Amino acid sequence: MADLLLGGFVMLGAALVMVLLFRRFGIGAVLGYLIAGILIGPQGLELISNAETILEFSEIGIILLLFIVGLELAPARLMRLRQAIFGLGLSQVVLCGIALFLLIMATTNFTLAAAIALGLPLALSSTAQVLPMLQSSGRLNTPTGEKAFSILLFQDLSLIPLLTIVAALSRAPQEAGAQSGWLTAIYGILAIGGLILAGKYLLQPLLKLIGRIAERELFIVAGLVAVFGGAALMEFIGLSPALGAFLAGVMLANSPYRHELEADIDPFRSLLLGFFFLAVGMMLDLNVIWENTAFVFGAAIALVAVKITIIFCLGKLFGMPTLPALAMGMLLSQGGEFGFVLFAEAEKAMLIEPEASSLFGAVITISMAMTPFLMLLAERFNDGSGSSNADLEDPEAAGRASVIIVGQGRFGQTVSQMLLGAKVPLTLIDIKPDQIDTHQRFGVKVFYGDGTRVDLLRRAGADEAEAIVFCMDDPDFGPEKVKAITQSFPSTKLLVRVYDRRQLIELKGLGVVGMKRELFESAIHLARQTLYAIDVDDSLIGEIDEEFRQRDCDRLEEQIKSNGDMFAGVEHRFGIDPPEQK
């Protein structure tokens, strides 16, 4: 027990110091974890020796990461991304794999089978490194972020055929009862179908039952049962457990409780991913790097250069602008954690020697260490947003306020000015760095983040706030998100800027105390000014204003009763003749 406590103290302490140091210089947490692992590992100060055990345990962080990503991808959205997943993702894995295989064949003395076993795994990127970067920067739902995620998801799927290729090339004696790769693929398809059916007919009814009991802890337990059940099933049939966790997240993506699950699980995901990169650093063989310095660093640079070039060209081929395509290439240029798995399998298959596995494992680790520096460049190319000098501070640093305002565009600025005029304490949140930068130049503090997320609102003090006002221009801010927020903060009043009457109808009856269509009042005001300008009588203008508002209200009520039929109540519009009575 004492050794366990001491080991935990050493790892957490080293991680804390190095991550703080690297964050201070704007490099990022991943490199800090890697360096901390090298320092305390067997090749450094020898404070920790069981790196393999820590790596296996910390891979749960990758499983939780894919679960959280799945929570944000409802099946409908996943279907929308299918072209990027199976078009862009497939092209990236195949072309990068072939290019890296040919590069190894041309520059080394490895056999054909060894070059395949080493080159194809290098085509995979690090899900554990890239996805948290996209999430923390709020770019996962941008066009570049979605395409990068689609590639990463296909890379996880490609683990099945890559393991099959390694098994087919194997020189090792066939184990009794060993399962063929094609049979594994068939089992995988059946398992995916089974998970989808289990989510629909078992998990969703279970969550509704738990909802009646109103025990929050049971939601977390049910979510973790889904995560570890899906991961264990995939592991059992020889596939990536992260894929099973991802499917579990997708199954819960339409659940009103997904935001709470995400908020509760995310801290564990972050900590375990930190342990994962610590373990990768501890397992890095410094003797291999020392004896083959030129090769390791040259190969890492070549790996990054080849993947940036190919992914950039594919991005352009799939219609991406130049700078975002280049940014995506930089994001995905490193080797991935599944490379270690495939190298180990190739070693078991007697395709490569242990020295080669260590050598190319070091190449992957060095490429991971290069990623934070490339990310600093990639931020300049993010979806054409340009660079920003904004201080992107989390809302957790805000003092407690009476009202939280989400969105500080033209609409949100007007709302906040009115409230400030009444001396109301405010917390302002926006997801656009350029918008935050502009406010900073005027001396206004705006905090960074997606203000529709329950976990971020909780950090901003929504539990104690009297009201939350959503002022962003977001027609997709729908019932699912509103329900999660009202359930999480039942004593806080919600007010929403809605895009049009459709969105207003969707949110009606969900506990929102105030909604205003963004152009409604300004359009009425401009119409009044037009009538004044053409000398219409003042009293008539007032009557028209009043009658229009009443007609619009009557029409809206009929549309609500008809479940959003936009043609309901059309006879209330000016200029529309009443339908003839038959």
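Counting C-alpha atoms alone, how compact is segment 1-131: give Rg to one decimal and Dmax as a whole number, in angstrom.
19.5, 53
Starting from the Cα of GLU547, step 7 Å along the direction of its Cβ; do the same at LEU206; then give the gap between the two resulting points in nm.
Roughly 6.1 nm, to one decimal.
Taking only Cα atoms, what is the 0 to 90° angle, nearest 10, from helix 410-421's long axis to the longest principal axis of the chain?
70 degrees
Can you give me the angle between helix 90-107 and the longest principal axis of the chain, using Cα atoms only, in degrees from 0 to 90, rounded to the nearest 10?
30 degrees
Per residue, how much accessible area does the chain show when a 1.4 Å probe rolls over the protein heavy atoms, in square angstrom?
49 Å²
Highest mean first, how do 525-534, 343-352 rank when packing is the count of other Cβ atoms within 10 Å averaged over residues?
Order by mean packing, descending: 343-352, 525-534.
Label points 7 Å out from Cα along the Cβ direction at VAL10 and THR414: separation in nm?
It works out to 6.2 nm between the two label points.
Quick one: if the Förster radius is 51 Å, what FRET efficiency do ALA344 and ASP437 give, using the C-beta to C-beta distance and rounding to 0.05?
Efficiency, rounded to the nearest 0.05: 0.65.
Just to confirm a number: summing +1 for Lys and Arg and -1 for Asp and Glu over residues other than GLU546 whose beta-carbon lies under 12 angstrom from that of GLU546, what do you get?
Around GLU546, the charge tally is -1.
Provide the gained length on full extension for the span LYS493 to GLU464, in nm with one decimal, where the gain is 0.36 nm per separating residue minus the Cα-Cα distance.
9.3 nm
Calculated from the structure, P(r) over Cα pairs in 10 Å bins from 0, in percent equals which of (1) 3, 15, 23, 24, 17, 9, 5, 3, 1, 0; (2) 4, 18, 29, 28, 16, 5, 1, 0; (3) 3, 12, 19, 21, 18, 13, 8, 4, 1, 0, 0?
(1)
If I fit a long axis through the Cα atoms of helix 2-24 and take the longest principal axis of the Cα atoms of the chain, what angle between them do I get, 0 to 90°, rounded to 10?
Approximately 60 degrees, to the nearest 10.
Segment 102-117 to segment 34-67: how many Å between their Cα centroids?
Result: 30 Å between the Cα centres.
In what sequence, highest mean first, do 511-520, 241-250, 269-278, 453-462 appear when ranked by Cβ atoms within 10 angstrom?
Taking the mean over residues of other Cβ atoms within 10 Å, the ranking is 241-250, 269-278, 453-462, 511-520.
Give the carbon-plus-sulfur fraction of the accessible surface of the chain in %, rounded to a whole number; probe 1.4 Å, heavy atoms of protein chains only.
Taking all protein chains in place, the chain shows 63 percent carbon and sulfur surface.
Past 22 Å, Cα to Cα: identify those pairs from LYS483/LYS516; LYS481/LYS508; LYS147/LYS445, in the order given.
Beyond 22 Å: LYS147/LYS445.
Working out 0.36 nm times the residue gap between PHE86 and THR142, then minus their Cα-Cα distance, what length gain in nm do you get to one decimal?
That works out to 18.3 nm of additional length.
Calculate, in nm to one decimal, what ASP476 and LYS516 gain on full extension: separation in residues at 0.36 nm each, minus their alpha carbon distance.
Answer, rounded to one decimal: 12.9 nm.
Run the reach check for LYS423 against aspartates and glutamates, Cα to Cα strictly under 14 Å, same-chain hits fewer than 8 apart removed. What comes back?
Answer for LYS423, where 14 Å is the Cα cut-off: none of the aspartates and glutamates qualify.
What distance in nm lies between label points placed 7 Å from Cα along the C-beta direction at GLU56 and MET79?
Using points 7 Å along Cα→Cβ, the separation is 4.1 nm.
What order, most packed first, do the peptides 292-303, 57-68 have when packing is the mean number of other Cβ atoms within 10 Å of each residue?
57-68, 292-303
The values are calculated or read from the model by the stated rules, or taken from the named source; none is laboratory data. Everything numeric here is computed off the predicted structure, so don't read it as measured data. Note that we place each Cβ from the backbone using ideal geometry, even for glycine, and neighbour counts take in every protein chain shown. These area figures cover heavy atoms from the full protein model, side chains too; ligands, DNA and RNA do not enter into them. Shrake-Rupley method; radii C 1.70, N 1.55, O 1.52, S 1.80 Å.
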